[in-house]
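A short worksheet on the structure shown next.
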Amino acid sequence: MQTLKIGMAFFAGMLLLTNHLVAQDKFTLPALPYSFSALEPYIDAQTMQIHHDKHHQAYVTNLNKALSGKDSVGTVEELLKTISTYPDAVRNNAGGHYNHSLFWTILTPTPNSQPSERLTAAIIKQFGSVDSLKMLINDAASKRFGSGWAWLSVGTDKKLFVSSTPNQDNPLMDVVEQKGTPILGIDVWEHAYYLKYQNKRGDYLSAIWKVINWNEINQRYDKLVPKGKFDDWPAIKDFHKVMSQTFHPSEEGNLAPIKSRSKEMIEKAEALKKSTIPTSFKKVQDISKTIDELIAGSKKLDKLVKAKASDKKITDSLTALHDVFHKIVGLCSDEDKE
Ligand code: MN
């Protein structure tokens, strides 16, 4: 009995201790993914060591301190999204922890990484060129008065934008003007460059592009803006657009779209036959035969439209064609409805 009591007391003690430790160590300093000197000569070893081991560590320590006694606060990202409900100590240190954790990963000693084809296309669409993006970021970084960050982020509309925030704020915070998820952040606190560059923030900003880890940024972008299932096959994307914009209205009894676009449907089906089927779709059973069925079905539908057949006949024919289409692409999604 005595042994059991001691055992239980020990167990309860361990539980308390464990809870205590979990609460204290909610956030921890991530290891630097390369050595302190790895980014030389662009960023010097001493700056990296102080920046990571002292500054970032202090944000982590002070964040845990500021949150001690609080129940579960979730991830740092979750915290940032409701940061307006926390005191400034949490805002500054949670921001500092998140921003630096991102910063270490978007730097690399491996030279010559590049934005991916997809990210490059998005950059060109939004900013004209990769060079103008760099200029915009450097401009935002140079103009940031005092301490802060310059960002490339993905907005809720999935579009890229450049912004700058003061102190340790960032685009995830509910208090900032332009909200989004950063995929690249440049630290323009003096502690990030002063030992090597002193007051020459511009020189630091030119140098940092030599050690930017585009591979990491590409991955972050792909996660936030996932590749569509038709991205490798523009012809099916085109066909789907016409199908989606005519079939879905027909489900609600609106046949105007199909009546005006039945000829276009044939054209898109024929273009599909001429296009190269990407590897990812080659495993679909009888794909060539199914494309032929799409052409035949589109022609039949067009004939019914031209002959001013009954709405029921047109609807049935379109529904059958839609079923054939889904043999190729699986279930319908909302993409490409626009
Ligand atoms: Mn910093």
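Listing for the model above:
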| quantity | calculated |
| --- | --- |
| Length gained when the stretch residue 231-residue 113 is fully extended (0.36 nm per residue, less Cα-Cα span) | 40.1 nm |
| Cα-based equivalent ellipsoid, segment 267-307: semi-axes from gyration tensor eigenvalues, Å | 24, 10, 5 |
| Mean projection area, nm², convex hull over Cα of segment 221-291 | 6.3 nm² |
| Cα pair distances in segment 14-105, grouped into 10 Å bins until the bin that holds the longest one, percent each | 16, 43, 27, 12, 1 |
| Dipole in debye (nearest 20) - the chain, about Cα centre, beta carbon charges: Lys, Arg +1; Asp, Glu -1 | 820 debye |
| Approximate spin-label separation residue 178-residue 50, in nm, with each point projected 7 Å along Cα-to-Cβ | 3.1 nm |
| Gap separating the Cα centres of segment 182-218 and segment 40-104, nearest whole Å | 18 Å |
| Calculated SAXS-style log₁₀ I(q)/I(0) at q = 0.12, 0.14 Å⁻¹ - the chain, Debye, Cα scatterers | -0.89, -1.03 |
| Residues in segment 228-264 reached by a label modelled at residue 306 [backbone nitrogen below 11 Å; 7 Å Cα→Cβ] | 263 |
| Extreme residue, positive dipole direction of the chain, given options 326, 133, 309 (C-beta unit charges) | 309 |
| Size of segment 117-224 as Cα extents on the principal axes (Å, biggest first) | 37, 31, 22 |
| Helix-only [θ]222 nm of the chain, DSSP H runs n ≥ 4, -39500 (n - 2.57) each, per residue, nearest 500 | -18000 deg cm²/dmol |
| Dipole of the chain [Lys/Arg +1, Asp/Glu -1 at C-beta], most positive-end residue of 243, 72, 209 | 243 |
| Spacing of the two label points (7 Å from each Cα toward its C-beta) at residue 224 and residue 120, in nm | 2.1 nm |
| Positive minus negative residues near residue 224 (Lys, Arg vs Asp, Glu; Cβ under 14 Å) | +3 |
| Positive-end extreme of charge dipole, the chain - chosen from 184, 29, 61 (charges on Cβ) | 184 |
| Surface per residue (accessible, 1.4 Å probe) for segment 14-105, Å² | 52 Å² |
| Rg over Rh, two decimals, segment 206-338 (C-alpha only, Kirkwood Rh) | 1.14 |
| Surface share of carbon and sulfur [accessible, 1.4 angstrom probe, percent] for the chain | 55 percent |
| Fully extended contour minus Cα-Cα distance, from residue 38 to residue 320, at 0.36 nm per residue | 95.4 nm |
| Average accessible area per residue (Å²) across segment 234-332 - probe 1.4 Å, nucleic acids and ligands excluded | 55 Å² |
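The values are calculated or read from the model by the stated rules, or taken from the named source; none is laboratory data. What you are looking at is a predicted structure, and each value in this text was computed from that prediction instead of being measured. FYI the Cβ positions are ideal-geometry reconstructions off the backbone, even for glycines, and counts take in every protein chain you see. These accessible areas exclude ligands, DNA and RNA; they are computed on the full protein's heavy atoms, side chains included. Shrake-Rupley method; radii C 1.70, N 1.55, O 1.52, S 1.80 Å.
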